[in-house]
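In what follows, a single structure is set out as structure tokens and then discussed.
The values are calculated or read from the model by the stated rules, or taken from the named source; none is laboratory data. This structure is a prediction, so every number in the text was calculated from the model and none was measured. Cβ sites come from the backbone with ideal geometry, for glycine too, and all protein chains shown count toward neighbours.
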Amino acid sequence: MALPLIAPMTVEDLDLIMPLERACFKDPWTRRMYLTDLTENNLATYLVVRPPASHPAQASLPAILAYGGFWKLYEEAHICTIASHPNYRGRGGTATPISPSSIRWRAPCRCCSSA
């Protein structure tokens, strides 16, 4: 089974994140809040989970299945947000394209990377 892609969230992802944010939370963050963290907060790292391109149902899956973010504060990470698409929750590890045991973190946090 192909693994989902976990990649850094970009400003371009916000068009897909904002409807999902409103669907997931009673008091959603604003686009401006995400934009500020993505462009101005060096402690912040946000990631998106995309379906694998080789998944048989890839065409019918949302472009972003889940997302999350954290602030790295000294030796700790403060989780700011985490959400998954409502249609892909509670399906168990074998019925969903994402299972916790299959996720590999591929994106370094911006505040620690040497780039």
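Some observations on this one:
- Restricting the range 27-56 to residues that are in contact with a Leu (Cβ under 8 Å, 6 or more places away or on another chain) and in contact (Cβ under 8 Å) with a residue 60 or more places away in the chain, the residue that is surrounded by the fewest Cβ atoms within 10 Å (Cβ to Cβ): LEU43
- Of the strands (runs of 3 or more DSSP E) lying entirely inside the chain, the ones with 3 or more residues being in contact with a strand residue (DSSP E or B) (Cβ under 9 Å, 6 or more places away or on another chain) and modelled with pLDDT of 90 or more are found at 44-50, 66-73, 76-84.
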